[in-house]
Amino acid sequence: MAAPSDTQLNALAQAVGERLLTTRQMLVTAESCTGGWIAKCMTDVPGSSAWFDCGMAVYSYEAKQAMLGVRPQTLETFGAVSRETVIEMVSGALVHSGASIAVAVTGIAGPGGGSPDKPVGTVWIGWKRRGGYASAEVFHFDGDRDAVRRQTVAAALRGLEGV
């Protein structure tokens, strides 16, 4: 899969924003491997203050724990790039914001950091609506760091359709 262009990411963000505005929902993002790129795409859309609450870029274990309430045991047992961690991230984003819908991402964008179990391009994305159950999906993206991050942003935004 080719990495999406800025134009494609902007179109996805606009579509998500329109749905959020129509349903009177607010979005929060909790981002590790994308470093705030989802939040940037959302706030590039004029009028986003009507449906975008906040974004948290949480790279370190300490930030995930302090800002999102991810448990140290979860990180020690499963690692930062895991279903368990992204579920705690997306849930914590809702607890620590005024938003009604959350998306969280954690992954290995590369070029280093991969392992046989979790190669470069492995990304977990989680979505949750306040009061609902979190869902999470693992992706295996190809390409360099930029391509992995772009594909992660696009998948995160597309996944918000089902939340």
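The values are calculated or read from the model by the stated rules, or taken from the named source; none is laboratory data. All figures in this text were calculated on a predicted structure; none of them were measured in a lab. All Cβ positions, glycine included, derive from the backbone under ideal geometry; neighbour counts span all protein chains shown.
Could you please tell me which pairs satisfy a Cβ distance under 8 Å, a separation of 6+ or placement on different chains, a first residue in region 78-101 that is in a helix (DSSP H, G or I), and a second residue that is modelled with pLDDT of 95 or more and of a type in the set (Phe, Trp, Tyr)?
83/124; 84/78; 85/78; 85/124; 86/124; 90/127
Can you find, within region 115-129, the residue that is farthest from residue 26 (Cα to Cα) among those that are touching a strand residue (DSSP E or B) at 6+ places or on another chain (Cβ under 7 Å) and either of a type outside the set (Ser, Thr, Tyr) or surrounded by fewer than 18 Cβ atoms within 10 Å (Cβ to Cβ) (or both)? Walk me through how you get there before you give the answer.
First, the residues of region 115-129 that are touching a strand residue (DSSP E or B) at 6+ places or on another chain (Cβ under 7 Å): 121-129.
Cutting the leftovers down to either of a type outside the set (Ser, Thr, Tyr) or surrounded by fewer than 18 Cβ atoms within 10 Å (Cβ to Cβ) (or both) gives us 121, 123-129.
Numbers: 121: 29, 123: 24, 124: 22, 125: 18, 126: 16, 127: 13, 128: 12, 129: 10 Å.
So the residue we want is 121.
Somewhere in region 118-127, is a residue under 23 Å from residue 68 (Cβ atoms), in a loop (DSSP other than H, G, I, E, B), at pLDDT below 95 and not polar (S, T, N, Q)?
As a first pass, look at region 118-127 and keep what is under 23 Å from residue 68 (Cβ atoms): 118, 122-127.
Now restrict to residues that are in a loop (DSSP other than H, G, I, E, B): 118.
Now narrow it down to the ones that are at pLDDT below 95: none.
Checked region 118-127: no residue is under 23 Å from residue 68 (Cβ atoms), in a loop (DSSP other than H, G, I, E, B), at pLDDT below 95 and not polar (S, T, N, Q).
Taking region 44-66 only, how many residues are in contact (Cβ under 8 Å) with a residue 24 or more places away in the chain, buried (at least 17 other Cβ atoms within 10 Å of the Cβ) and assigned to a helix (DSSP H, G or I)?
Residues flagged as in contact (Cβ under 8 Å) with a residue 24 or more places away in the chain, buried (at least 17 other Cβ atoms within 10 Å of the Cβ) and assigned to a helix (DSSP H, G or I) within region 44-66 amount to 2.
Please specify each residue of region 124-163 satisfying the condition of being hydroxyl-bearing (Ser, Thr, Tyr) and over 19 Å from residue 20 (Cα atoms).
Start the filter on region 124-163 by keeping residues that are hydroxyl-bearing (Ser, Thr, Tyr), which leaves 133, 135, 152.
Hit for region 124-163 is 152, nothing else.
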